[in-house]
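Beneath this line is the structure, given in structure tokens, with notes to follow.
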Amino acid sequence: MDSLSPVVLADARFDNELDAAARLLWTRAAASDKRATDAALASAGAALLRLVEGRPLDRWPSLDDEVEAALGTCAEDDVSALRRTDVLTNAAPLVEAGLLPVRTLAKAEYDAAVQTLEIDKEPELLESELVSYIVETIARAIVHWDPTLPTGGAIEVDELAALAVAADGCGWLPEPQASVVKLTLRAAWAPADQTSLAALPLTDEMVQLWGDFSTPAAPAVQAWLTLAQLSAADVVAIGSAFVTSQPPASVLAALGNATVGLNRTSRLEALQHLLVDPAGMVPSRAVLDALGAPSVSAADLAQMLIARYGLRQQPSEEAGEALGAGSTSAPQRGAI
């Protein structure tokens, strides 16, 4: 194909031949045996693209029918989920080459994903391939979403909205995947009118999700932080949850953004709850930074330190009896 002239092949007489070449490439990409390498497919796709890119779009080779036929019906179990995943993986080199538009896959994929989310009976999640397929499909949808474009990009706004509503009502996804899918979609779409969606999870529910699953729940926690309006009590609960299991930097960044709106009093109240208790574990520097510790004045920080050490120096009644009247306990080193 590199030796052929796009000018000569621009003649309509060659439309059928170029269509046949595109279908041949798809056949080679989708082959189960002796499949061509990704590099070879990408190279061949780029060579064919050179021959057609000067044509009007309505005369480009179309692989819509082939892709739709290969994907088949929506995924309802592990077998059908694997089939669709394999087709999407096999298509990647032709997408990369520019021969297969992302929109072609999007049209065939996201409507089917809505149907999968709306399955009204709990499917058999044997190897959880169906769960992985849905999580990966939602991740692709968010990547393909571009709110700066009138159409939304490869996925259109009505498609993303349909996915968000379907995910919100899905009853068969297990945790933490259910929360990851629901909240990441909602954060990406961020509709002004959220009446079509359920209320956001409560802070205690997100703290519990993080406690149960930790890092696998991080995308859900991150998305929730971008959507929720945090109070000082919320910040204390979240900061306490991150003491024993620190989240990734992306979650801490979302937490930092979520606490920007807190006033000085609320920020100090939250930090005091986390730092003053002498029996409590101190959050890491990264967590404290995300909670706004760098913005605390030296005077306010000094008061918190005095309060912490002061509490440690006040013996309980039992400790006072053991130590004798008038004795005090020395503060332990390394408390902060």
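Structure above, values below:
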quantity	calculated
Selection from 85, 131, 100, by position along the positive dipole direction of the stretch 83-136 (Cβ)	100
Peptide ranges 193-203, 160-170 listed from the most packed, as the mean C-beta count within 10 angstrom indicates	160-170, 193-203
Protection proxy ranking, peptides 85-93, 302-310, average beta carbon neighbours within 10 Å, highest first	85-93, 302-310
Cα gyration tensor category, rounded, prolate or oblate, for the stretch 221-265 with a/c compared to 1.5	oblate
Which of 73, 184 has the fewest Cβ neighbours within 10 Å, and the rest in rising order	73, 184
GNM top mover of 275, 24, 227 - the chain, alpha-carbon springs below 10 Å	24
Likely footprinting exposure, 236, 181, fewest C-beta neighbours within 10 Å first	236, 181
Förster radius 51 Å - calculated FRET efficiency between residue 89 and residue 281, Cβ distance, rounded to 0.05	0.70
FRET efficiency estimate (nearest 0.05) - Cβ-Cβ, residue 7 to residue 96, R0 25 angstrom	0.45
All aspartates and glutamates inside 18 Å of residue 34 as judged from Cα atoms, apart from same-chain residues fewer than 8 positions distant	86
Residue 149/residue 24 FRET efficiency (R0 30 Å; Cβ-Cβ; nearest 0.05)	0.35
Extension gain from residue 295 to residue 40, taking 0.36 nm per residue of separation minus the Cα-Cα distance	86.3 nm
Difference of contour (0.36 nm per residue) and Cα-Cα distance, residue 227 to residue 124	33.8 nm
Order of 274, 252 under a 10 Å beta carbon neighbour criterion, fewest first	252, 274
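Rule-based calculations on the coordinates, nothing more; no lab input. This is a predicted model, so every value here is computed, not measured. Quick reminder, even Gly has a Cβ in these numbers, built from the backbone with ideal geometry, and neighbours come from all protein chains shown.
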